[in-house]
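Working notes, structure below.
The values are calculated or read from the model by the stated rules, or taken from the named source; none is laboratory data. Just so you know, these numbers come straight off a predicted model, no measurement behind them. Every residue, glycine as well, gets a Cβ built from its backbone with ideal geometry; the counts of neighbours run over all protein chains shown.
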Amino acid sequence: MRIAVRFAASLVIVGLTTAWGLSAPARGQSTPSPEEAALLESILESTKAYCRKLDNFAFEIACREVVTEDLAGKPKVRMVPQPGEPGMAPTMSVANSGTRNTYIYNYHLIREQRISRETRILVERNRRRLMASNVRPEALRFHFENMTFGPIDLFGVVGRLRHEYRVVGRETFKGEKAIIVEAVPNVQTIDDNPGAKVWVREGDSAVLKIEWDPATLPEYEEIKAAAAAMDETPVISLITEYGIEKDGFRFPSRFFIREAYLQAKTRKTEIASEVTVEYRDYKFIRIVPDFVDDDGETP
């Protein structure tokens, strides 16, 4: 089973008109207070302006993409002699046979005319040097792309029409005071329409972290059905952190995926795989306006 995590694949929809403003609370949610409604509206306007700017700029960046993948294996049982009286039966010791794979890529992103093109050159696999273009880890169960543009799917022009929002908490994230906003899809679409909880920085509403809702991914129902056949429930975490800032834009610094399953009989959660992607050594080759806004000015 593979999960594809793609963002900002299509940003232009013709003939879709809806009034801007604060979305109605989702079913079962209480109506926000006037103060909370005003705070949320301020955040949504700020993030909308950011996504508009992000969408209207051309980018060329390069960095190192370091992927660490931990895969759980089948337990191995070995016999260990039991000290003590002669004739006692040996005990069993259980060892995990899981594996770890590491991959280092030279990552290159070009964004023009609202179209993104990512290229990767694999330069190291499990500490062995090599050179291979656009090769992904063979064992990697999750496919991810366009992480930079994740906020657009939630807060951009189309994202605003497809989601309802509410403030669900406050937290300090890596030294930054953040407001946590939940974006819940309110329509069924034929393309990706993810939901998420978003940590936005107090003051300027910069997106610091996104915790994606796996149940809103297109592949989730297939995963859920396969797990149910094994009397399990999927417990999947997908988190993007935006810790790199340049010219008012934020770029991914870390992406984390955990694939786990809750066992119905034991009520224990077993981790099947964990993938950590770290983005290092950024080089900003080009960040320039690419489009003219409706008012005739560059963003």
The condition from (1) of a type outside the set (S, T, N, Q); (2) loosely packed, with under 12 Cβ neighbours inside 10 Å; (3) farther than 25 Å from GLN113 by Cβ that LYS283 misses is numbered (3)
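Here is a yes/no grid of residues against (1) on the phi > 0 side of the Ramachandran plot; (2) among the basic types (Lys, Arg); (3) within 21 Å of the chain's Cα centre (by Cα); (4) at pLDDT below 90:
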| site | (1), (2), (3), (4) |
| --- | --- |
| ASN56 | no, no, no, no |
| ILE61 | no, no, yes, no |
| VAL77 | no, no, no, yes |
| PRO83 | no, no, no, yes |
| PRO86 | no, no, no, yes |
| VAL94 | no, no, no, yes |
| SER97 | no, no, no, yes |
| TYR103 | no, no, yes, no |
| HIS108 | no, no, yes, no |
Taking the options GLY175, GLY169, name whichever one is out of contact with any strand residue (DSSP E or B) (no Cβ under 9 Å at 6 or more places or on another chain) and either free of Cβ contacts under 8 Å to residues at least 60 places away in the same chain or more than 22 Å from LYS53 (Cα to Cα) (or both). GLY175
So THR216, is it of a type in the set (Ser, Thr, Tyr) and over 19 Å from the mean Cα position of the chain (by Cα): no
Listed residues ILE236, ILE244, ILE223, ILE180; which is in contact (Cβ under 8 Å) with a residue 24 or more places away in the chain, surrounded by 14 or more Cβ atoms within 10 Å (Cβ to Cβ) and under 19 Å from ILE152 (Cα atoms)? ILE244
All conditions in (1) modelled with pLDDT of 90 or more; (2) in contact with a strand residue (DSSP E or B) (Cβ under 9 Å, 6 or more places away or on another chain) are true of GLU219 except (1)
If you take the residues in region 197-219 that are in contact with an Asp or Glu (Cβ under 6 Å, 6 or more places away or on another chain) and under 15 Å from LEU238 (Cβ atoms), which one is surrounded by the fewest Cβ atoms within 10 Å (Cβ to Cβ)? LYS197
